[in-house]
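The values are calculated or read from the model by the stated rules, or taken from the named source; none is laboratory data. Just so you know, these numbers come straight off a predicted model, no measurement behind them. Don't worry about glycine lacking a Cβ; one is built from the backbone with ideal geometry, like all the others, and counts go over all protein chains shown. For the accessible areas, the whole protein counts, side chains as well, though only heavy atoms, and no ligand, DNA or RNA atoms are used. Shrake-Rupley method; radii C 1.70, N 1.55, O 1.52, S 1.80 Å.
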Amino acid sequence: MAFKGVLRPGLIQIRVLEMAEALNHYQNILGLDVVSEESDGRVYLKGWDEFDHHSVVLRPAESAGLDFVAFKVDSADYLQEIEPKIVAWGMEVDHVAAGEQPGVGPRIGFTLPSGHRIELYHEIELSDDAPGVVNPEIYTKRPHGMGASRFDHLLCYGPNIGKVREFFCDVLDFYQPEKVDMPEGEDSLAIWLTASNKAHDIAFVEHEEPGKLHHVAFLLQDWNEVGAAADIIAINDVSLDIGPTRHGITRGQTIYFFDPCGNRNEVYAGGYTAYPDHPVRTWDFEHVGKGIFYYERALNDRFLTVLT
Ligand SMILES: [Fe+2]
């Protein structure tokens, strides 16, 4: 297997204010399925095309935003081997016991120089409601709502993204398919990072305030499904940010909207296939509008300033 170490962003824990409203959104609008509701108030969900027990965790809280994103790694050995490398790079590592989330084994966690908590784990039970594996049908039950097939990626805002890139690339063996340069100097305004051949598993924008979430994104199958998602947003009066449109960066087809607590969601389709030997695609600062919103060729204020 050539695909080693970190496999993908597998779990994301998001803070929500009003669970009933949030659940309606993630379940009926996005189309995720509820896996379990636990006594501490957290609710666990998954997309219809995901094999693992869950991928999205909603935690009731006083403020919206991101608790952490956890990357699944290929083995328990890797989890042990990577810990001292993270410590040697300069971050404290803590341990989360198996069972802290249903079906999930031990996790390790640390806080990036951008203020975001990242976790790594290997063990997670398979879902009872996973895609078929023996003469599999294309789905076991018809997707509902927008039909989000999986948790795909996230965009984080915070400081020190040059250091963050160094960590992901040097320690976790990610690579950078794309970046936006600052107006002057060698620093980046924004970076897209991947451990796979998705155009991005996680992205960062340089920002003063640490630990902010810009959006969490879910995969759709194609441009038609992005259009259908726009219909669902209109029919249900979901708060729209922008789209349907297309990114120059990643080439993804997209629409952005907000959950009832103010967390920004994206549903996303397409995008190029990345490989680690490809040159880094680079956007000048003056072309960032077209890079983010290819058709509009300009950013909107809300996209730049509304974070949780
Ligand atoms: Fe995105």
Quick one: what are the phi-derived ³J(HN,Hα) couplings along the stretch 173-184, Karplus 6.51/-1.76/1.60 with θ = phi - 60°, whole Hz, x for glycine and proline?
6, 6, 9, 10, x, 7, 8, 10, 7, 5, x, 9
In the neighborhood of HIS95, defined by Cβ-to-Cβ distances under 12 Å, what is the net charge if each Lys or Arg adds +1 and each Asp or Glu adds -1?
-4
Compute the orientation-averaged projected area for the stretch 182-269 from the convex hull of its Cα atoms and round it to one decimal in nm².
7.1
Label model pair VAL171, ARG297: point-to-point distance (7 angstrom along the Cα→beta-carbon line) in nm is 4.2
Report ³J(HN,Hα) in whole Hz for each residue of the stretch 65-81, in order, from the Karplus equation J = 6.51 cos²θ - 1.76 cosθ + 1.60 where θ = phi - 60°; Gly and Pro get x.
x, 9, 7, 6, 10, 10, 9, 7, 10, 7, 6, 5, 4, 4, 4, 5, 6
per DSSP, antiparallel bridges as share of beta bridges in the chain, % nearest 5, sits at 70
Within the stretch 150-305, what percent of beta bridges assigned by DSSP are antiparallel, to the nearest 5?
70
With both bridge residues required to lie in the stretch 6-121, what share of the DSSP beta bridges run antiparallel, to the nearest 5%?
70
Out of THR273, THR194, THR250, a Gaussian network model of the chain with alpha-carbon springs under 10 Å gives the largest mean-square fluctuation to THR273
With a 1.4 Å probe and every protein chain kept in, tell me what percent of the accessible surface of the stretch 150-305 is carbon plus sulfur.
46
Once you have the alpha carbon radius of gyration of the stretch 30-83, what is it after dividing by 2.2 N^0.38 Å, with N set to its residue count?
1.38
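What does the extension gain come out to for GLN80 and LYS4, with contour length at 0.36 nm per residue minus their alpha carbon separation?
25.9 nm
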Taking only the alpha carbons of the chain, the radius of gyration and the largest Cα-Cα distance, Dmax, both in angstrom, are 18.4, 55
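Hey, any idea what Rg/Rh is for the stretch 1-131, computing Rh the Kirkwood way over Cα pairs? Intermediate results must be reported in sequence, preceding the final value.
Working: Rg = 15.2 Å, Rh = 15.5 Å.
We get a ratio of 0.98 for the stretch 1-131.
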Proximal lysines relative to LYS46, as straight alpha-carbon distance under 19 Å, when same-chain residues fewer than 8 apart are discounted:
LYS72, LYS141
Whose amide H sits under 5 Å from the amide H of SER36, counting only residues 5 or more places off or on another chain, with H placed in the peptide plane?
TYR44
So who's got an amide H within less than 5 Å of the one on LEU7, skipping anything under 5 residues away but keeping other chains? H placed 1.01 Å off N, in plane.
LYS72, VAL73, ASP74
Column: log10 I(q)/I(0), Debye, Cα scatterers of the stretch 150-305, q = 0.09, 0.20 Å⁻¹
-0.27, -1.41
Relative contact order (%) - the chain, alpha-carbon pairs under 8 angstrom, separation at least six:
17
Label-point separation (nm) for GLU18 and SER39, each offset 7 Å from Cα along Cα-to-Cβ?
2.9
For the stretch 150-305, please report how many Lys pairs fall under 20 Å Cα to Cα, leaving out neighbours fewer than 8 apart on the same chain.
5
Quickly work out the ASP94-to-HIS144 label distance, labels modelled 7 Å from Cα along the C-beta direction, and quote it in nm with one decimal.
3.7
Å² per residue, accessible surface of the chain at 1.4 Å
44
